[in-house]
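Remarks on the structure that follows.
Any read-out appearing in this document is the output of simple, stated calculations on the displayed coordinates, not a laboratory observation. Note that the coordinates shown come from a computational prediction; the quantities given were computed from them, not determined experimentally. Cβ sites come from the backbone with ideal geometry, for glycine too, and all protein chains shown count toward neighbours.
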Amino acid sequence: MRVAVVGVQGAVEEHVIATKKAMKNLGIDGEVVATRRHGVVSKSDAVIIPGGESTTISKLIFRDSIASEIIELAESGKPVMGTCAGLILLSKHGDEQVEKTKTKLLGLLDVWIKRNAFGRQRESFQVKLNVKHIGEFDAVFIRAPAITKVGERVEVLATFEDYIVAVQQDNILGLAFHPELTDDTRIHEYFLKLANP
Ligand code: GLN
C-alpha cells in the first residue's frame with residue numbers, strides 16, 4: 001500500500017510519521033511518501049492533505065496539477081483525508097474569507113466551511129472530543145476552521161460547541177483538528193482501513 005501526503009506546505013512530516021505508525025499497528029506493509037509534484041498521488045492508494053495555510057496549499061496544488069489527481073483518486077473511491085487547512089480544501093462551500101482570497105477548493109466534501117472559526121482569543125487549544133467510530137480523542141486545534149452545515153450524504157463524526165469538526169462522506173474524511181500532532185494514531189488507522197473495507 002502506498003499513501004501520499006501532499007507536501008507543498010504545512011504539517012507534512014507529522015502526517016508521514018503518524019501514518020507509518022498506524023500502518024505498523026495494523027500490520028500493513030506499505031510506504032508513505034510526501035510529495036510536492038504531479039504524478040505521485042495518482043500512483044497511490046490513499047492521500048492526506050495536511051494543515052497549513054489553505055490559500056498557499058490551494059495555489060500550489062492547482063498550479064502543479066496535484067488537485068486534479070486528488071479529485072480523480074477520490075472519485076475512484078480511494079480514501080482521502082484532509083486536516084485543518086486540508087479540510088478547507090476538500091470542502092465544496094467556502095465562506096467569505098475563502099471568496100475574498102479567491103481560494104480554489106477541491107469541492108469533494110459537501111460541507112459549508114468557515115475559516116478561522118474559533119477567533120483570535122483561541123488560536124490554538126486542545127480538547128477531548130467524542131469521535132464516532134473512534135471514541136474519545138484528544139484533539140489539537142490550531143487556527144482551525146469549522147463546518148457550519150453539511151449536505152445529506154455527509155456523516156457527522158464529531159462536534160464541538162456549535163460547530164461540526166469531523167465528517168465523513170463515503171471514502172473522504174475531513175477533520176478541523178490535527179490528529180497527527182498527538183501520539184494517538186487511531187484516526188490514521190481508521191483512515192487506512194477505508195482503503196480495504
Ligand atoms: N487557518 C488556516 C487556514 O485558514 C488553517 C490552520 C491550520 O491548518 N492549522 O488556512
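A few remarks follow.
- Space enclosed by the convex hull of the alpha-carbon atoms of the range 89-197, per residue, Å³: 102 Å³
- Cα-derived Rg over Rh, computed across the range 14-81 with Rh taken as Kirkwood radius: 0.97
- Calculated P(r) tail over 30 Å for the chain, as whole % of Cα pairs: 10 percent
- The chain: calculated mean residue ellipticity at 222 nm from DSSP helix runs of at least 4, using -39500 (n - 2.57): -7500 deg cm²/dmol
- Taking a span of 24 Å or more along the helix axis (Cα atoms) and a mean Kyte-Doolittle hydropathy of at least 0.0 as the rule, no DSSP H helix of the chain qualifies.
- Each label point was placed 7 Å from the Cα along the Cα-to-Cβ direction; for Lys132 and Thr56 their separation is 3.4 nm.
- Computed over the range 1-48, Kirkwood Rh from alpha-carbon pairs, angstrom: 10.7 Å
- Tail fraction, Cα-Cα pairs, the range 114-161, threshold 11 Å, whole percent: 72 percent
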